[in-house]
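Here's the structure we're looking at; comments come further down.
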Amino acid sequence: MRESPFGPPEGWRDSDLIGVSNHFDADLVLSAYRHGVFPMPARRGLMGWYSPLSRGILPLDGLRVPRSLRKMAKRYEIRVDTAFDQVLAGCANPRRVGAWIDRDIVSIYKELHRSGVVHSVEAWTADGRLAGGLYGVSIGGLFAGESMFHDPEIGRDASKVALIGLVNLLSAAGREHRLLDVQWQTPHLATLGVVEVDRPRYLSLLQRALGVDPPAWRPGPQEPAE
């Protein structure tokens, strides 16, 4: 593996935020993910680089799907990469609480989507409306979830259903050593089965995951979420 642009992990700050940079491009982003780091804007013109001390991951055999959510899932069709720009725009909506996705993020992740590294998983209504979805970075056996959204008028639980669809897609490719990274555990994500691992453990899991073949990202409708 190429040397990390952030130096060895032993020298990283004892903080989730390990560095900042004025430089930001697709190659740097990909290198960051391969070394357990992801970007979030620090302030205008300055990118922050994060490797949480406690990392949120979702074991593929640990997803919790309550009966009510299983019932709701039947109302949606899961699709992959058919409305990436719309998903990204929904996640970037500045009216959302905690909105953080800026123009630089949008530009680079659209570039990475065109190159086949970033993907969207979408939940559609029966009448063909995008109800919610998520997007993230796929490298080897790593899927690094970046953000998710739902339309509050038509998309009740749509982002959760998209997550179920993602887990199904990743599981179909083989669960062994595959890693679903969600950055931080939240109370909401914990109810779905997200757990925390410390930074060294995450980096160890990441190294194994990078040696796994990526799933087959076939655009279009997928098997129903279960």
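What the table below lists for this structure:
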read-out	value
Restricting the stretch 124-139 to residues that are closer than 23 Å to LEU179 by Cβ and touching a strand residue (DSSP E or B) at 6+ places or on another chain (Cβ under 8 Å), the residue that is surrounded by the fewest Cβ atoms within 10 Å (Cβ to Cβ)	SER138
Counted residues, the stretch 17-34 - those being surrounded by 13 or more Cβ atoms within 10 Å (Cβ to Cβ) and either in the same structural domain as LEU166 (by TED's automatic domain parsing) or in contact (Cβ under 8 Å) with a residue 60 or more places away in the chain (or both)	6
Qualifying residue in the stretch 52-75 (condition: more than 24 Å from PRO187 (Cβ to Cβ) and under 20 Å from the mean Cα position of the chain (by Cα))	no
Among residues of the stretch 174-188, those that are touching a helix residue (DSSP H, G or I) at 6+ places or on another chain (Cβ under 7 Å) and either farther than 16 Å from GLN207 by Cα or not in a strand (DSSP E or B) (or both), counted	3
Positions within the stretch 180-221 being of a type in the set (A, V, I, L, M) and more than 20 Å from PHE149 (Cα to Cα), in sequence order	VAL195, VAL197, LEU203, LEU205, LEU206, ALA209, LEU210, VAL212, ALA216
GLU111 in contact with a strand residue (DSSP E or B) (Cβ under 6 Å, 6 or more places away or on another chain), of a type outside the set (Gly, Ala, Ser) and under 28 Å from VAL212 (Cα atoms)	no
Residue match in the stretch 44-67 (condition: assigned by TED's automatic domain parsing to the domain that holds ARG103, more than 17 Å from TYR202 (Cα to Cα) and without any contact (Cβ under 8 Å) to a residue 40 or more places away in the chain)	yes
In the stretch 167-179, the residues that are under 20 Å from MET148 (Cβ atoms) and among the basic types (Lys, Arg)	ARG178
Total residues in the stretch 68-102, condition part of a helix (DSSP H, G or I), at pLDDT 95 or above and charged (D, E, K, R)	1
Number of positions in the stretch 36-52 that are over 10 Å from LEU17 (Cα atoms) and surrounded by fewer than 21 Cβ atoms within 10 Å (Cβ to Cβ)	5
Subset of the stretch 136-152 [assigned to a loop (DSSP other than H, G, I, E, B) and either at pLDDT 95 or above or touching a Cys at 6+ places or on another chain (Cβ under 7 Å) (or both)]	GLY140, GLY141, ASP151
Among (1) part of a strand (DSSP E or B); (2) surrounded by 21 or more Cβ atoms within 10 Å (Cβ to Cβ); (3) over 14 Å from the mean Cα position of the chain (by Cα); (4) of a type outside the set (Phe, Trp, Tyr), the one test that GLU196 misses	(2)
Some residue of the stretch 135-150 being among the β-branched types (Val, Ile, Thr), in contact with a Leu (Cβ under 8 Å, 6 or more places away or on another chain) and closer than 17 Å to GLY220 by Cα	no
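The values are calculated or read from the model by the stated rules, or taken from the named source; none is laboratory data. No experiment lies behind these values; they were computed from the predicted model shown. FYI the Cβ positions are ideal-geometry reconstructions off the backbone, even for glycines, and counts take in every protein chain you see.
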